[in-house]
Amino acid sequence: MTEPLLSVRDLHVSFGTSEGVVQAVRGVSFDISQGETLAIVGESGSGKSVTASAIMRLNFGADVRVSGSASLDGQDILSMSEEGVRQLRGKDIAMIFQDPLTALNPFYTVGNQIAEAYAIHHPGTSKKDLRELALDSITKVGIPEPLKRLNQYPHEFSGGMRQRIVIAMALINSPKLLIADEPTTALDVTVQAQILELISAMQEAHGSAVILITHDLGVVAEVTKRVLVMYAGRLVETASVEDAFNSPTHPYTRGLLNSVRSLDSDRHSRLEPIPGNPPSLIDLPSGCPFHLRCQYAASLNDRCRSEVPELKAVGNSWSACHLTVEELSSDLRAAT
Ligand code: SF4
């Protein structure tokens, strides 16, 4: 068996606020192999983006506590020197953010910014070569009139075009791992499809692994094969996309699926939102963090309220739920 490209083990991230300590990520472990596309899904505040930031070692302020490990090609990013991380970031791991405007500097032309993303890891590259590389990458991401557009500033581009520029910057060094955090949320459906196509074409060309962070299950079904479901900072289900969509093993995954409309569902049928809100990460409930919203909690007496369920194998999937396979299948079938 080949070694995973990235191996995350027992990742914990917490940070202090005036209201108390936010336990944003609590014991997350997963692997991703070269060329693989993995989705991380969950509601806002489930810990998806904080997990990604921790892997990139972004936003590590004085009041942020991180433990565990995140090894890329056997090198633990979390215990690396600042200089080591700077060498890695943008070259071996790149990130596409939800809002491209925050990733672009309004005072520099896009050509300069794309060239800079390469030059920082390849000092000594001539200006002429940098310009050609920038032109090549802006062409590859499908920006029309690339020669003219290189000299323009971010505000002269639409949201979709700005996202293409951010992708060009992220991919110019052919990263081993690309983390795309809600890369299409701010875009309309047609641009979204183009951006996703672009990411998979680039991934194929470079053999990169991709972690796609999203709350959009349609996007997950379209572009990934494996999915991690997060709730209140923990992994609650990991499965192939097929298993997660066809036979979810965790009530929360099931709730997420029931709250979106699929193409083959009756358009007059009502969506079933998950009742309530995610818990406060400062004051987590006892036991299973989902128990206040879970329709199956009552059937398990006090166990859901007192005991934190660990991830365990359920069929082909892993699920953090006290339900047995039998209870799970009968309960879930009964609720369908
Ligand atoms: Fe629901 Fe209990 Fe399973 Fe948590 S452990 S998801 S509360 S049934």
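Taking the 0 to 90 degree range and rounding to the nearest ten, how far is the long axis of helix 159-171 tilted relative to the main principal axis of the chain, both from C-alpha atoms?
Between helix and principal axis, roughly 80 degrees.
Using the beta-carbon distance between Val325 and Thr125 and R0 = 45 Å, what value does 1/(1 + (r/R0)^6) give for FRET efficiency, to the nearest 0.05?
Efficiency at R0 = 45 Å is approximately 0.20.
Once both axes come from the Cα atoms, what is the angle between helix 110-119 and the longest principal axis of the chain, in degrees from 0 to 90, rounded to 10?
Taking the Cα atoms of the chain, the angle to 110-119 is about 80 degrees.
Apply the Karplus parameterisation 6.51 cos²θ - 1.76 cosθ + 1.60, with θ equal to phi minus 60°, to every residue of segment 136-145 and state each ³J(HN,Hα) to the nearest whole Hz, in sequence, with x for glycine and proline.
4, 6, 5, 5, 4, 7, x, 8, x, 6
Once you have the Cα-Cα distance between Tyr108 and Glu156, take 0.36 nm times their residue separation minus that, and quote the gain in nm to one decimal.
Length difference between fully extended and current span is 16.1 nm.
Where q = 0.10 Å⁻¹, what log10 of I(q)/I(0) comes from the Debye formula for segment 118-264, counting one point per Cα?
-0.44
Just add up the charged neighbours of Ser240: K/R +1, D/E -1, any other residue whose Cβ is under 15 Å from the Cβ of Ser240.
For residues surrounding Ser240, the net value is -4.
I'd like the orientation of helix 189-206 relative to the chain: the angle between its Cα long axis and the longest Cα principal axis, in ° from 0 to 90, rounded to 10.
Approximately 70 degrees, to the nearest ten.
Of the GluC sites (Glu not before Pro) in segment 1-72, which ones lie in a loop per DSSP and count no more than 10 other C-beta atoms within 10 Å?
Qualifying residues, ordered by number: Glu19.
If you place +1 on the Cβ of every Lys and Arg, -1 on the Cβ of every Asp and Glu, and leave all else neutral, what size is the dipole of segment 6-224 about its Cα centre, to the nearest 20 Debye?
It comes to approximately 520 debye.
Give the peptides 277-286, 136-145 in descending order of average Cβ contacts within 10 Å, highest first.
Result, highest mean Cβ count within 10 Å first: 136-145, 277-286.
Out of the total accessible area of segment 6-224 (probe 1.4 Å, heavy atoms of protein only), what percent is carbon and sulfur?
52
Whole-Hz ³J(HN,Hα) for each residue in segment 84-98, computed from phi via Karplus 6.51 cos²θ - 1.76 cosθ + 1.60 with θ = phi - 60°, x for glycine and proline: what do you get?
Karplus-based 3J(HN,Hα) across segment 84-98 equals x, 5, 4, 5, 7, 5, x, 9, 8, 10, 10, 10, 10, 8, 4 Hz.
Report for the chain the percent antiparallel among DSSP-assigned beta bridges with both residues inside it, nearest 5.
60
Taking a probe of 1.4 Å, how large is the accessible area per residue of the chain, in Å²?
On a per-residue basis, 50 Å².
Can you give the log10 of the normalised intensity I(q)/I(0) at q = 0.13, 0.14, 0.15 Å⁻¹, computed with Debye over equal Cα scatterers of the chain?
The Debye formula, applied to the Cα set alone, gives -1.02, -1.16, -1.28.
Taking the Cα-to-Cβ direction at Val85 and at His12 and moving 7 Å from each Cα, how far apart do the two end points lie in nm?
1.9
Run the numbers on segment 6-224 and let me know its relative contact order in percent, using alpha-carbon pairs under 8 Å that are six or more apart.
That works out to 26 percent.
The values are calculated or read from the model by the stated rules, or taken from the named source; none is laboratory data. Everything quoted here is computed from the prediction, not taken from an experiment. Cβ: placed from backbone, ideal geometry, glycine included. Neighbour counts: every protein chain shown. Areas reflect the complete protein model, heavy atoms only, side chains present, ligands, DNA and RNA absent. Shrake-Rupley method; radii C 1.70, N 1.55, O 1.52, S 1.80 Å.
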